[in-house]
Every structure is written in C-alpha cells, then in structure tokens.
Amino acid sequence: TCYCNIAQCLLRAPSPDAAAVARRACDLALELQPESAKALYRRALAWEVCGAPEDLQAAARDLARAGELEPTDRAVAAALHRVRSALRARQLFAGCLGDIG
C-alpha cells in the first residue's frame with residue numbers, strides 16, 4: 001500500500017521522529033491489510049530505530065509474525081536475528097550492571 005511506501009521513505013533517514021511517523025504509516029497499512037508482511041517488516045525496522053528494550057521487543061514480535069507470513073524472506077530473517085541479538089546484548093549488559101550494584 002501507499003502507507004508502506006511512505007514508511008520506507010521515512011526509514012531512509014532514520015531518526016526517532018521519522019520512525020514514529022513510519023510506525024504510524026505501517027499501523028494504517030495493517031488496518032487495511034492485517035496480514036501484510038511488508039508492513040510488519042517496515043514497522044519492525046521503525047521500532048528498531050528507537051532501540052529501547054520495549055521497542056526491540058515490539059520489533060521482534062512484528063518480525064516473527066512477518067516470518068510466519070513470508071517464511072522464505074531473507075531480509076525478515078536477518079532483521080529478526082539482528083533484533084534478537086540486540087535484545088540479548090542488552091540483557092547481558094543489564095545483568096553485568098546488576099552484578100556491580
């Protein structure tokens with residue numbers, strides 16, 4: 001849909017503000033086509049730009065669903081691996097900080 005294309009354009013200049021608008025565009029695309037792997041993938045990329053743990057978890061959920069819809073999509077698989085790795089790294093880092101304090 002056009003909303004997915006809008007999101008793609010916004011993701012080319014990754015900033016939290018652009019990512020928020022890209023997420024909203026994907027939300028609108030998903031209202032029209034709830035099973036759109038492309039919209040889920042792009043929304044996940046927008047979540048990933050923000051990078052907070054809850055954003056990365058939302059990205060992982062969207063990517064897992066996109067992977068179910070398009071199991072042979074390598075970009076989705078690579079993004080899911082990257083996001084899960086980032087989540088694990090954050091958890092390890094938080095664990096190390098907990099050991100210090």
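State the extension gain, in nm to one decimal, for the chain segment bounded by GLN57 and LEU28, taking 0.36 nm per residue of separation less the distance between their alpha-carbons. The partial results should precede the final answer.
Values: separation 29, 0.36 × 29 = 10.44 nm, distance 2.04 nm.
Full extension of this stretch gives 8.4 nm more.
Please report the base-10 log of the normalised intensity I(q)/I(0) for segment 20-75, using a Debye sum with one equal scatterer per alpha carbon and no solvent, at each q in 0.13 (1/Å).
-0.27
On a full-extension model of 0.36 nm per residue, what is the gain between GLN91 and SER15, subtracting their alpha-carbon distance, rounded to one decimal in nm?
Stretched out fully, the GLN91 to SER15 stretch lengthens by 25.0 nm.
Express in nm, to one decimal, how much length is gained between GLU68 and HIS81 on full extension, taking 0.36 nm for each residue of separation and deducting their alpha carbon distance. Please report the intermediate quantities before stating the final value.
Details: separation 13, 0.36 × 13 = 4.68 nm, distance 1.44 nm.
Once the chain is fully extended between GLU68 and HIS81, it gains 3.2 nm.
Grab the DSSP H runs of the chain that are 4 residues or longer, score each as -39,500 (n - 2.57), total them, divide by all residues and round the 222 nm result to the nearest 500 deg cm²/dmol.
Mean residue ellipticity, 222 nm, calculated: -28000 deg cm²/dmol.
To the nearest 10 degrees, how steeply does helix 2-11 sit against the main Cα axis of the chain, on a 0 to 90 scale?
Its long axis makes an angle of about 40 degrees.
For the chain, give the percent of accessible area contributed by carbon and sulfur heavy atoms, probe 1.4 Å, rounded to a whole number.
Values: 3510 of 6110 Å².
Carbon with sulfur: 57 percent of the solvent-accessible area.
Viscosity 1.567 mPa s, temperature 4 °C: give me the Stokes-Einstein translational D for segment 5-101 in µm²/s, with Rh taken as the Kirkwood radius over C-alpha pairs. Provide the component values of the computation, followed by the final result.
Numbers: Rh = 13.7 Å.
Here the translational diffusion coefficient equals 95 µm²/s.
The values are calculated or read from the model by the stated rules, or taken from the named source; none is laboratory data. If you're wondering where the values come from, they're calculated on a predicted model, not measured in any experiment. Protein only, heavy atoms only, side chains kept; ligands, DNA and RNA dropped before computing areas. Shrake-Rupley method; radii C 1.70, N 1.55, O 1.52, S 1.80 Å.
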